[in-house]
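Student: To start, I am sharing the structure in question, which I have written as structure tokens.
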Amino acid sequence: GLPRSGITLISTLLNQNPKIYVTTASPFVEILSRVSSVWGAECYKPEIQNTKFETIKKPFLRNLVTTFFAEVTDKPVIIDKRRHWQMLPNIEMYKEVMGVYPKIICPVRNVDEIIVSFLKIINQNGPIITAEELLNGESFGGMHKGLQNTFNSRYRDCILFVEYDDLVSDTHGTLEKIYDFLGLEYYQHNTNDNIKVTELEGWYGHEDLHTVRTTISKNKTIIGDYLSQELIDECATMHFWR
């Protein structure tokens, strides 16, 4: 989904279920993509075309999926955490390899709140960045554009959009929708206290990017203290999923 929209909170809650394993930020989509690309590389065509190597692509990559996650967990349900799964090439790759369409949980949030949340964290412990740079940069702008492209494609049904406000105000109801989407039996989650996050901090050079409070609540931030009215109005036009 979109950054600063509850991805870490959802992951933390789902990891309470003893049958579910949600990874921390995972490189697996990149691993699968790079290995898969060998079959389309011009330099390997002489070795692959009209040989047994040409026919083993799908079973080999399926085995790669199984082997990778067997080293990580023995739980039966695995959710790989990476926003890049929502990109069209990766959805198509998943369908080719696994034979079914992926189910992608995409947290979303008011864009002005996302930008302000980024600004508050990044500018307190890193190089100063502007709201305009965030809107047009890869960390938000690229993810937003990629998700919009998928929304406007034939793969829209692969996505469950999870609104941040719904997650905070009706956590159990939102989790039930996620379980229905995944086709799993509901698990009674603890949403009251002692919520422990497993994501590592500092990976991206900024602390508190993955901090989850021990109780579920929403920060009370005045957007106008950080953004001009012009930027607030621009952000309001970007909620394509609604």
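Student: In the Gaussian network model of the chain, springs joining C-alpha atoms below 10 Å, which of G40, G146, G224 carries the largest mean-square fluctuation?
Tutor: Largest GNM mean-square fluctuation: G40.
Student: Is there a quick way to get the dipole size of region 73-176? I mean about its Cα centre, with the Cβ of Lys and Arg at +1 and of Asp and Glu at -1; what is the value in debye to the nearest 20? Intermediate results must be reported in sequence, preceding the final value.
Tutor: Numbers: 11 positive and 15 negative charges, 70 e Å.
Using only the charged Cβ atoms, the result is roughly 340 debye.
Student: Hey, what did region 65-183 get for relative contact order, percent, Cα under 8 Å, at least 6 apart?
Tutor: Numbers: 78 pairs, mean separation 38.4, N = 119.
Once divided by the residue count of region 65-183, the mean separation gives 32 percent.
Student: Right, here's the next one. Once Lys and Arg get +1 and Asp and Glu get -1 on their Cβ, which of N192, W85, G40 lies farthest toward the positive end of the dipole of the chain?
Tutor: Farthest along the dipole direction, towards plus: G40.
Student: On to the next question. Distance from a point 7 Å along Cα→Cβ of V38 to each backbone N in region 69-100: keep the residues under 14 Å and list them by number.
Tutor: Backbone N within reach: none found.
Student: Determine the dipole magnitude for the chain: charges of +1 sit on the beta-carbon of Lys and Arg, -1 on that of Asp and Glu, nothing else is charged, the reference point is the Cα centre, and the result goes in debye to the nearest 20. Walk me through the intermediate numbers first.
Tutor: Working: 25 positive and 31 negative charges, 174 e Å.
Dipole of the chain, to the nearest 20 debye: 840 debye.
Student: While we're looking at this one, here's another question. Per residue of the chain, what 222 nm ellipticity follows from adding -39500 (n - 2.57) for every DSSP H run with n ≥ 4, rounded to the nearest 500? Spell out each step's value before the answer.
Tutor: Numbers: 12 runs with 106 residues, N = 242.
So the calculated ellipticity at 222 nm is -12500 deg cm²/dmol.
Student: Then there is this: On a full-extension model of 0.36 nm per residue, what is the gain between F68 and T24, subtracting their alpha-carbon distance, rounded to one decimal in nm?
Tutor: Numbers: separation 44, 0.36 × 44 = 15.84 nm, distance 1.43 nm.
Separation in residues times 0.36 nm, less the Cα-Cα distance, equals 14.4 nm.
Student: Of V29, M143, M238, which is farthest towards the positive pole of the chain's charge dipole, taken about the Cα centre with +1 and -1 on the beta-carbons of Lys, Arg and Asp, Glu respectively?
Tutor: Farthest along the dipole direction, towards plus: V29.
Student: Okay, next question. So for R154, R34, R82, what's the accessible-area order with a 1.4 Å probe, most first? Working shown, then result.
Tutor: Working: R154 185, R34 155, R82 90 Å².
Largest accessible area first, the residues go R154, R34, R82.
Student: Still on this structure, I have one more. At 1.4 Å probe size, what's the solvent-accessible area of H189? Round to the nearest 10 Å².
Tutor: That residue has around 10 Å² of solvent-accessible surface.
Student: Starting from the Cα-Cα distance between Y186 and E230, subtract it from 0.36 nm times their residue separation and give me the gain in nm to one decimal. List each step's numbers first, then the result.
Tutor: On the way: separation 44, 0.36 × 44 = 15.84 nm, distance 4.32 nm.
Value of the extension gain: 11.5 nm.
Student: Give the angle, between 0 and 90 degrees and rounded to the nearest 10, that separates the Cα long axis of helix 111-125 from the longest principal axis of the Cα atoms of the chain.
Tutor: Once rounded, one gets 90 degrees.
Student: Keeping every protein chain present and rolling a 1.4 Å probe, give me the accessible area per residue for the chain in Å². Don't skip to the answer; put the middle values down first.
Tutor: Values: 13400 Å² over 242 residues.
Ligands and nucleic acids excluded, the figure is 55 Å² per residue.
Student: Right, here's the next one. Step by step: find N for region 1-130, compute 2.2 N^0.38 Å, then divide the Cα radius of gyration by it. What's the final number?
Tutor: Working: Rg = 18.4 Å, N = 130, 2.2 N^0.38 = 14.0 Å.
That ratio works out to 1.32.
Student: Could you work out the percent of alpha carbon pairs in region 88-130 separated by over 12 Å, rounded to a whole number? Write down the numbers at each step before the final one.
Tutor: On the way: 632 of 903 pairs.
Here the long-distance tail beyond 12 Å is 70 percent of all Cα pairs in region 88-130.
Student: On to the next question. Given a cut-off of under 8 Å on Cα pairs at least six residues apart, what relative contact order in percent is computed for region 1-159? It would help to have the intermediate numbers written out before the result.
Tutor: On the way: 150 pairs, mean separation 53.0, N = 159.
With pairs under 8 Å counted, the relative contact order is 33 percent.
Student: Around G1, with a cut-off of 9 angstrom between Cβ atoms, what is the net charge of the other residues, counting Lys and Arg +1 and Asp and Glu -1?
Tutor: On the way: positive: R83, R109; negative: none.
Net of charged neighbours comes to +2.
The values are calculated or read from the model by the stated rules, or taken from the named source; none is laboratory data. All values derive from a computational prediction rather than experimental measurement. So basically every Cβ, Gly included, is an ideal-geometry build from the backbone, and we count neighbours across all protein chains shown. Note: areas computed on protein heavy atoms with side chains; ligands, DNA, RNA excluded. Shrake-Rupley method; radii C 1.70, N 1.55, O 1.52, S 1.80 Å.
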